[in-house]
Each structure stands twice: as C-alpha cells, then as structure tokens.
1. Could you check the range 212-221 and list, in sequence order, the residues that are under 16 Å from the mean Cα position of the chain (by Cα) and more than 16 Å from the ligand (Cβ to nearest atom)?
2. Just one of the numbered conditions (1) closer than 24 Å to residue 189 by Cβ; (2) open to solvent by less than 40 Å² (accessible area, probe 1.4 Å); (3) at pLDDT below 95 is not true of residue 90; which one?
3. Would you point out which residue out of 133, 100, 126 is over 13 Å from the mean Cα position of the chain (by Cα) and either more than 27 Å from residue 195 (Cα to Cα) or charged (D, E, K, R) (or both)?
4. Before we move on, is residue 286 surrounded by fewer than 18 Cβ atoms within 10 Å (Cβ to Cβ), on the phi < 0 side of the Ramachandran plot and aliphatic (A, V, I, L, M)?
5. Find the residue count for the range 215-235, including only residues that are part of a helix (DSSP H, G or I) and open to solvent by 30 Å² or more (accessible area, probe 1.4 Å).
6. Which is part of a loop (DSSP other than H, G, I, E, B) and surrounded by fewer than 22 Cβ atoms within 10 Å (Cβ to Cβ), of 78, 73?
7. May I ask you to list the residues in the range 95-137 that are aromatic (Phe, Trp, Tyr), modelled with pLDDT under 85 and farther than 28 Å from residue 67 by Cβ?
8. Inspect all residues belonging to the range 267-277 and state whether any of them is under 19 Å from residue 67 (Cα atoms), open to solvent by 10 Å² or more (accessible area, probe 1.4 Å) and out of contact with any Cys (no Cβ under 8 Å at 6 or more places or on another chain).
Amino acid sequence: MFLAQTRDWKVAVSESFRDLDALLEFCEIDAVHAGVDGGPEFALRVTKYFASLIEKGNALDPLLLQVLPDARELQLVEGYSEDAVGDRQCMPVPGLIHKYHGRVLLTLTGACPIHCRYCFRRHFPYSGNSADYSVNSEVMSYLSRNTGIREVIFSGGDPLMLTDRKLAKLITGLNRIAHIRVLRIHSRLLSVLPERVSGDFLKVLQQFNGQVVLVTHINHPNEISESNQAAFRLLSQQGYTLFNQSVLLRQVNDSAQTLAALSHKLFESRVMPYYLHRLDKVQGAAHFDVSREKSCRIYTQLREQLPGYLLPTMVEEISGQASKTPVRCD
Ligand code: SF4
C-alpha cells in the first residue's frame, strides 16, 4: 500500500514560502517582526504543508515561532558560537563527521525544505563540506577501511532533499561495505512534506541490505496531522524503525503537558520518542533557550505523566564528549 500521491514532492518543495509577507498573509497574521527576513544565509523557508498546520491569526503559534525570523537572531550572545557542537573538529574527510564509536554522520546537502530558526547547523559551511559519495570518493574509502563503523547516518541539511536516484546510488555504495549494517536517516522532511514518502522512496529504502532507522524531528504535537501520520504508519508497516527527536524550545514546547501530548501522538503514529535535546548554543538561537532549572522541572513533571517507554531521554551535546550527555536533574 502506498500513500495516494497527488503530486511530485519536488514540486511541493518548490512551492515553499520564502517570503515573510506571503507567509504572514497565508497565516492571516498582521505584520510582526517587521523588516526581519532571516538574511541571505538563513532565509525564511517553510513548506505549505507545515504552514497549513499553523493556527490562523495566532502570532504566537508554536509552529510559526519555529520558522519566523526574529531580530534577536542578530544579537551576539556570550557562550553561543557558530559551531556549537564541535562538528568541524571531527571531520576526517569532507562531509563525514566521526564523533562517536561505531557510527558516522554524512552531511549530504545543505538544502532543507524548512529553515528552523534554532538550527545548530545554521552556520555550517556546506560548501566544500557536503559528502562526495561516488564509488572512489574519500567518504567511501574512509567507510571501507574503518571496519569498526557499523552505522551510517544520513544528515544535512536534510538528506531527503536528495533525489531518489542519488539516495539509491549512496545505498549501492554502502551495500558494498560488509561492516555497515545500519542506515539511519535523520529528516525533518518526513514530517513537513509527507509527499516525500512515495512508492519510489520506499523502493530505494528496500535496496539497503541491513536495517533502516528513520528519525523524525518533531517538536510539537500540532506538527502531526493525518497526512504525516499516514506516512509514518506506512513506513512502520514496511518494517522500518521510527524514532523522534525534539528540541526543548522556549514558547514552543516548554511545558510537560505539551511534551506529553507529543509523546502520545507520536506513539499513535508508530514513532517512538527518543531524544529531547536541550538547545545547542548556536549564535542566533539564544532566544529559544530554556534554563537548566526549568528544563529539569519540566522533565520531572513529564516523567510523572508518561509511561517509561514514552519518555524521551533529555540530553545535551557537549563538544568533545564521546556521546550525547543525559541531563542530570537530581
Ligand atoms: S531541517 Fe534540520 S538542518 Fe534544516 S534548518 Fe531545520 S533543523 Fe536545521
């Protein structure tokens, strides 16, 4: 069974909002944050699907706040940097980040269907640091000779902005390396553009010889509707494991009630809550930060409300550490 496809996903991407006034008009919101357009490097971008989930007339809608450029992004804040998680120190070859034991991450593209204002890679130099995955590339050679690598993570930007043909080429290359057993794909596109889960895409995933894990990036229960739920269920029926990671964001999801509702809705959609990240301290995102004390208060309440299997692990990424660090709230 495949989702009823009304049109090509690339057409849907091309129809994304890139203009602040057009987005606000669509959302029936009077001009707010006048004159802030996100700048040329991290311009506004929102899929029509995501915009359709924003409550009309609500300038404080939690989905809108994730994508609305804000003048506070221009302030330099102490303790915040352009490379908050130390990605650039961990690239043995361009486009490949090797931080943790047994797994590597490929930055396949800088393109995204949506620009999340809190993005920790908003300053990442994709030019020159996007993975070349042709057969004899440095990336494939690194993966072949490092036999301890068991899992490859497709990331970006959003890796599902690559065409199915390019994804298939990558998978063919990985299939030639016997010790790569797990392919993990982190994508916001799975939720903000459900058309992407097409029959052709499913055929591409089927080509991988090992296990496929898909990680959605959803922060608020309102981001889940019948359309992306159908896509998640379809992927689950095909045997793929689905996890979700969220970022704890001020004014977006900083309450136990919201996060509990998200966990329940994810589970109904066959997606397991995985990580709740504290904000990575990237320049331009400080206004989304939730203090450690408040984060712990929320998390303690969340633990009281949810069964253990629906409780995401709250973590933070500390540059130079051998894994994500669980946040201690004792
Ligand atoms: S989709 Fe991911 S990589 Fe792209 S802007 Fe959003 S958080 Fe950043």
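The values are calculated or read from the model by the stated rules, or taken from the named source; none is laboratory data. From a predicted model like this one, the values you see are computed outputs, not experimental measurements. Neighbour counts are summed over all protein chains in view; Cβ atoms, including those assigned to glycine, are modelled from backbone coordinates with ideal geometry. Just so you know, the surface numbers come from the protein's heavy atoms only, side chains and all, with ligands and any DNA or RNA stripped out. Shrake-Rupley method; radii C 1.70, N 1.55, O 1.52, S 1.80 Å.
1. Residues of the range 212-221 under 16 Å from the mean Cα position of the chain (by Cα): 213-221.
Listed by number, the residues that qualify are 213, 221.
2. Condition (1) is where residue 90 drops out.
3. Working: 133 fails: either more than 27 Å from residue 195 (Cα to Cα) or charged (D, E, K, R) (or both); 126 fails: either more than 27 Å from residue 195 (Cα to Cα) or charged (D, E, K, R) (or both).
None of the others qualify; the one that does is 100.
4. Considered against the rule, which asks whether it is surrounded by fewer than 18 Cβ atoms within 10 Å (Cβ to Cβ), on the phi < 0 side of the Ramachandran plot and aliphatic (A, V, I, L, M), residue 286 comes out as no.
5. Total satisfying the criteria: 5.
6. Details: 73 fails: part of a loop (DSSP other than H, G, I, E, B).
Every option except 78 fails the conditions.
7. Of the range 95-137, the ones aromatic (Phe, Trp, Tyr) are 100, 118, 120, 124, 126, 133.
After this cut, where a residue has to be modelled with pLDDT under 85 as well, the list is 124, 126, 133.
Result: 133, single match.
8. yes
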